[in-house]
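One structure is given here, and the rest of the page talks about it.
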Amino acid sequence: MDERTNDGNKRAMIALLAMVALLTTTALAPLSANPRSAALRDTPPGEILGLAHEGTFSIPMVLEETVQLFEPFGLPEARYPVDRYLVRFRSTDVDGSPAVIRGQLYVPRLSGATSLQGVTGPQGATTELPVIVFAAGTTGIGEQCAPILEVPAVNRWGWYLANMLAYASQGYIVLFPEYLGFGDRHTPQRYFDSVAEAHVMLDAIRAVYRIFEQPDRLAYSGVRPSQMVFAAGYSQGGHAAHAAADLRPSYAPEVPLTGLIGFGQTNNVATLMREMAYYAPYIIYAYSRIHGADQINPADFLQERWMVTFEQDIYGLCVEEFQFHYPRDGAELFTPEFWRALTIGGMEERFPVMARVLAENYAGMSGHGIPTLVLHGDADIIVSTAAQTRFVQDLCDTGVPVEFVIMPGARHRDTRPAGFKRSVEWMRLIERGESPPNHCPAR
């Protein structure tokens, strides 16, 4: 290991410690040590509980941050400097109790642009910009796996800073929320639960508008959110985006939602458990905590040898560790009876509660009608091309217009940098009032 690597690791650890310190500042503390306090219950979903300016990224800084994620696929132009904020907002758990969500807000500074194309207004005016709420892929369930604690030199989970900066520098207001459970010692992450994910995404949209109702709290107040809102996500995040579309009519009908974008998305939870079994212990544990161990008992689904240190492993391992700890082959992980039910059939008879929960969490199947872009890599081993194609067919069958893009040679982790340009082009089409391509068969 050379001196530059040592220096890079030192900087990474310093950055990580600084982030941890920032997360515990008084300005961002919850209303109470207990997130289910009476004060929080009286706070409406989407209300801002804390906002702190983390700093401004100049255009050269944006390019420096994004180059390592995008370079093999073409570095996006950086049009605008970007302010980043740490935000806490109120949301709702699956049982209706209040919850606190952390996130990062990215706001472009139009006044510092090198190119004033497309979105700027008159000098000194407040300009409306479209909004992206972007959900992360799997990082883990324990607090040490929280996405906003990512330092790519230490734990590359998605290079989300680079990803969000790239969109914000194109002229989008971006909110990157964490899933319900992160930052709350009382609650494990509600992993692949559609209701929890939808609440977070929809309340994140609410939070964006609440923030800009008080522009004096922002370091730059030259922009405000338009009514053009895109929900996007990577892997698990694509599930969250469609969950938001499914629950929007009942949970947040006032929230605008213009389009959905998924990068290597995993919407059918049962398919994920069959094809990539090492995610299943986290799914089973989350569903057990949500529905009760008397309804979903992990010991009914996992072989005995995995139960010895089960809860310790669930909380202690982040994504880069549990992918090596648990087997990819379901025959080595699941009980023989559950593996047969999952692959051959009979789930409804043998495991009726799990069958119902898996069906309820197949996100996107409500017939929400929101235009969707599905970006998939044909070298993706997490979500196979066959599985993604089946999802798109199912989505089309509900009447949702879908553009399905298969990117040659792209792995799961490549879907965001490889599909970034198309995602921006797709959003721009909608922003101009044009219809994007629809690959669904005519009905």
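The values are calculated or read from the model by the stated rules, or taken from the named source; none is laboratory data. Since the structure is predicted, the reported quantities are computational estimates derived from the model, not experimental observations. For neighbour counting, all protein chains shown are included, and Cβ atoms are generated from backbone atoms with ideal geometry for every residue, glycine included. Just so you know, the surface numbers come from the protein's heavy atoms only, side chains and all, with ligands and any DNA or RNA stripped out. Shrake-Rupley method; radii C 1.70, N 1.55, O 1.52, S 1.80 Å.
Note down the accessible area of HIS186, probe 1.4 Å, to the nearest 10 Å².
80
Could you tell me which of rounded, prolate or oblate describes segment 344-429, using a ≥ b ≥ c as the square roots of the eigenvalues of the alpha-carbon gyration tensor, with rounded for a/c under 1.5 and, failing that, prolate when a/b is larger than b/c and oblate otherwise?
Oblate.
Using only helices, what value at 222 nm comes out for the chain when you add -39,500 (n - 2.57) per DSSP H run of length 4 or more and divide by the total residues, to the nearest 500 deg cm²/dmol?
Helix-only estimate at 222 nm: -11500 deg cm²/dmol.
If you place +1 on the Cβ of every Lys and Arg and -1 on the Cβ of every Asp and Glu, how big does the dipole about the Cα centre of the chain come out, in debye to the nearest 20?
In debye, rounded to 20, the chain gives about 740.
Counting heavy atoms of the protein chains only and a 1.4 Å probe, report the per residue accessible area for the chain as a whole number of Å².
Value returned for the chain: 40 Å² of accessible area per residue.
Over 24 Å, how big is the tail of the calculated P(r) for segment 120-227, in percent of all Cα pairs?
Result for the distance tail: 33 percent.
Using Cα springs under 10 Å in a Gaussian network model of the chain, which residue among HIS325, HIS199, HIS368 shows the largest mean-square fluctuation?
For the chain, modelled as a Gaussian network with Cα springs under 10 Å, the answer is HIS325.
Simple spin-label model, 7 Å along Cα-to-Cβ: HIS325 to ARG390 in nm?
2.8
So what does the Cα-only Debye profile of the chain read at q = 0.08, 0.09, 0.12 Å⁻¹, as log10 I(q)/I(0), no solvent term?
-0.43, -0.55, -1.01
Using a 1.4 Å probe and ignoring any ligands, DNA or RNA, find the accessible area of TRP306 and quote it in Å² to the nearest 10.
40
Could you give the length gained by full extension between THR343 and HIS53, i.e. 0.36 nm per residue of separation minus their alpha carbon distance, to one decimal place?
Extending this stretch completely gives an extra 99.5 nm.
Need one number: nm distance between label points at GLU332 and ARG156, each 7 Å from Cα along Cα→Cβ, rounded to one decimal.
So the label points at GLU332 and ARG156 sit 2.5 nm apart.
In what sequence, largest accessible area first, do TYR251, TYR234 appear using a 1.4 Å probe?
My answer, sorted largest first, is TYR251, TYR234.
May I ask for the net charge around THR139, where only other residues with Cβ less than 10 Å from the Cβ of THR139 are counted and Lys, Arg are +1 while Asp, Glu are -1?
Residues near THR139 contribute -3 overall.
Give me the percent of the accessible area of the chain that comes from carbon and sulfur atoms, probe 1.4 Å, all protein chains in place.
Result for the chain: 51 percent of the exposed heavy-atom area is carbon or sulfur.
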